[in-house]
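A short write-up of the structure that comes next.
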Amino acid sequence: MTNDDDQTNGPRRGRGPRSVETVYMEERAAVMQALPRLSRRGFMKVSLGAMGAAAAAGVTINPHSFQPIRFVPGARAAEPGAAAGDVGGGGFRIAYISDSHLYKKELNDRFVRSLLRAVDDVNAMDPQPDFVLYGGDLAQLGQPEELDLGAEILKSVKAPLHVMVGEHDWYFDMGERWRRHFGDDNYSFDHKGVHFVVINSVVEKDFWTARGMSPMERMKTVAGLDNGKQSSFTVGDANRAWLAGDLAKVDKGTPLVVFSHSPLYKLYKNWNFWTDDADEVQALLRPFKTVTVIHGHTHQVLTNRIGNISFHGMLSTAWPWPYAPEGLPEMTIQMNRPDPFNPEDGCGDGSVIVHPDGLVDKVYGLWNRNPMTVSAKYMTSGGEADRPKVPNAKSY
Amino acid sequence: MPAGVAIDTGVAKSIASTLMAKWQAEHPDVDWEADERASRTFVPAHDNSDLIGEATQAEGHTYRNVTELDTLLWKRETEKAVVAGSRVFHSGDELGSTIAVSCDMCHPNAANTHPETYPKYQTQLGRVALLRDMINWCLVHPVRAEALSADDPKMRALEAYIISQRAGKTLAYGKH
């Protein structure tokens, strides 16, 4: 395997294509080195005005191509709906990172750098979030070295960290390595009057034994979103029993926030944007007055409301998924179609503002774009009030 | 075994089985088409059975004397090209990715590939692009592989799969 790893050491030597990221990092380094040497006249010549405006707004821009504008970590605090920390009225803020799909770094450096970028983002939040949730799919093929690498990177998150499991973490060794790093796949905790639950929702019934699959074949089957050999995600009898037991101890007036990797509803079965026992799980959540489910897996801005339960997706740091061809919830306002020429566009991280009444604003911190907020007001008004801006380039 | 020597049926069968096992060991991927069909969802090729026997004007001509065998052949061969494309589409190794990235990681079921919109002016390139130009762009950048020539069997297979997955979409060249 060759590796495209010379982004910081000048032009890549040897054969093979130079990736967009390689070009971007080279050009960025060149601009940053050249900046102090530029006269005012030279600066104007390079910038054509745009660069000055961008610099004033706290971003760096590459003038030589249509490569990304990159927000300086922390600068986003000035964006509407994204102010860190101070959420007013006794609420609090948590941050999330999700779906990094790491290969070992010698094989694929891109996904590693994206996770590092997300860690930089949350570490730059000022004030810091009360905690950070990692939303699952830390690894791509559940390999020990992938999970070890992810765990090592996540150690540099400054705020307290809670980690959820995804199918890519699980189906090589059925969660053994993941549990060694992060403990139980189902757990709950209370924070400032809110009950938080993290649950494993990626349980698939055995499709591998009858086919005589090796652990790697099983893993690769699950890793293919459109691979029809696998089963549907479920929370499963055991985890549901655990959830029922956990919730039995909680007053029904206590705000409830559930983290699951798959959406706890049925959107699109072919891609496992789906939880097969969602009806049973929702029945356990419905008695609570205020319920929010935050899920990974779908790599996009995704919004749903079923009864009193609000559902929000999380962004991936690795790549955005297309919207499902059918079944998209009415409450979802799509994010603009990602630009494939803009590395990391449509990816990102984000935060969740939890208000004192337990309702939440979900902030999608889209890299290279303005953040998008799906507010509690939008959710409780059934989409009437506080609508996010609609995209001018929806999915095909 | 010298030529012309009669051998026992049992011995012959055992020789044949040994040879077959050896061949299968050398060709572990022999069932690739069945495997691929079992793993992915495909859109069936157009059913042309309405053409069978429609030969009133075609008597004495070879073209348009359509039999069931013809339609089965068309379907089988066309779908085989598509299934071959699926295999490349879903494999970083087949694509030659240096970073283990395959097309389906961003485009499950070829979603967001919109072959029906090409040719179109690709604003990021500043010129008109065909589907194959965009396939090659993806190969070089997100996939980090070598570009394919336009007539490379893998390029043809990829085009076949991508277009088949978008069956039924309105052709809208130039659409953004």
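Each reported figure results from applying straightforward, stated rules to the coordinates on display, with no laboratory input. Quick caveat: nothing in here was measured; it's all calculated off a predicted structure. We place every Cβ from the backbone using ideal geometry, glycine too, and count neighbours over all the protein chains shown.
Before moving on, here are some points about what is shown:
- Listed peptides A:314-321, A:327-334 appear in the order A:314-321, A:327-334 once ranked by packing, highest mean of other Cβ atoms within 10 Å at the front.
- The range A:94-244 - share of DSSP beta bridges that are antiparallel (%, nearest 5): 45 percent
- Note on B:144-152: average number of Cβ atoms from other chains within 10 Å of each residue's Cβ is 2.
- Distance violations [Cα-Cα > 20 Å] among B:Lys80/B:Lys154; A:Lys269/B:Lys80; A:Lys205/A:Lys269; A:Lys362/A:Lys389: A:Lys269/B:Lys80
- Shielding value for B:84-94 is 1, the average number of Cβ atoms from other chains within 10 Å of each residue's Cβ.
- Each of the peptides A:265-273, A:242-250, B:8-16 was scored by the mean count of other Cβ atoms within 10 Å over its residues; in descending order, highest first, they stand as A:265-273, A:242-250, B:8-16.
- Calculated mean residue ellipticity at 222 nm for chain B: -13500 deg cm²/dmol, from DSSP H runs with n ≥ 4 weighted as -39500 (n - 2.57), summed, divided by the residue count and rounded to 500.
- Amide H to amide H, with H built 1.01 Å from N, A:Leu161 comes under 5 Å of A:Val132, counting only residues 5 or more places away or on other chains.
- Number of partner chain Cβ atoms within 10 Å, mean per residue of A:335-342: 3
- Grouping the Cα pair distances of the range B:43-165 into 5 Å bins from zero gives a pair-distance distribution of 2, 11, 17, 18, 15, 10, 8, 7, 6, 4, 1, 0 percent in increasing distance order.
- Bridge orientation summary for the range A:79-380: considering DSSP beta bridges with both residues in this region, about 55 percent are antiparallel.
- Estimated vicinal HN-Hα couplings, Hz - the range A:283-292 in sequence order (Karplus 6.51, -1.76, 1.60; Gly, Pro = x): 4, 6, 8, 4, x, 7, 5, 10, 10, 10
- Using the average count of surrounding beta-carbon atoms within 10 Å as a protection proxy, the listed peptides A:192-199, A:234-241 rank, highest first, as A:192-199, A:234-241.
- Among residues other than B:Ala167 with Cβ under 14 Å from its Cβ, the summed charge is -1 (Lys and Arg +1, Asp and Glu -1).
- Shape class of the range A:79-380 from the alpha-carbon gyration tensor: rounded, with the ratio a/c of largest to smallest axis under 1.5.
- Per-residue HN-Hα couplings for the range A:266-275 [Karplus 6.51, -1.76, 1.60; θ = phi - 60°; Hz; x = Gly/Pro]: 10, 9, 8, 5, 4, 9, 6, 7, 5, 10
- Across q = 0.12, 0.24 Å⁻¹, the range A:114-168 modelled as identical point scatterers on its alpha-carbon atoms has Debye log10 I(q)/I(0) values of -0.27, -0.97, in the order of the q list.
- Under 5 Å between amide hydrogens, built in the peptide plane, is the criterion, and for A:Gly346 it picks out A:Trp367 among residues at least 5 positions away or on other chains.
- Loop-resident trypsin sites (Lys or Arg not before Pro) (DSSP state other than H, G, I, E or B) in the range A:292-396 with no more than 13 further Cβ atoms inside 10 Å of their Cβ: A:Lys389, A:Lys394.
- Relative contact order of chain B, pairs being alpha-carbon contacts under 8 Å that are 6 or more residues apart, as %: 22 percent
- Distance cut-off 15 Å, percentage of C-alpha pairs in the range B:1-111 lying past it: 77 percent
- The GluC sites (Glu not before Pro) found in the range B:55-152 that occupy coil by DSSP, while having at most 12 further C-beta atoms within 10 Å, are B:Glu59.
- Annotation for the range B:1-109: chymotrypsin sites (Phe, Trp or Tyr not before Pro) lying in DSSP loop with at most 10 further Cβ atoms inside 10 Å of their Cβ are B:Tyr63.
- For the range A:216-304, the Kirkwood estimate of the hydrodynamic radius, built from every pair of different alpha carbons, is 14.2 Å.
- Here the Karplus curve 6.51 cos²θ - 1.76 cosθ + 1.60, taken at θ = phi - 60°, turns the phi angles of the range A:135-140 into couplings of x, x, 6, 5, 9, 8 Hz, with x standing for Gly and Pro.
- Built amide H within the under 5 Å cut-off of A:Leu267, gap 5+: A:Trp274, A:Thr275
- Shape summary: the range A:152-288 maps onto an equivalent ellipsoid whose semi-axes, from the alpha-carbon gyration tensor, are 27, 20, 12 Å in decreasing order.
- Reciprocal of mean inverse Cα separation for the range A:248-396 (Kirkwood radius, Å): 15.7 Å
- Its Kirkwood hydrodynamic radius, worked out from the mean inverse distance over all distinct Cα pairs, puts the range A:228-268 at 12.4 Å.
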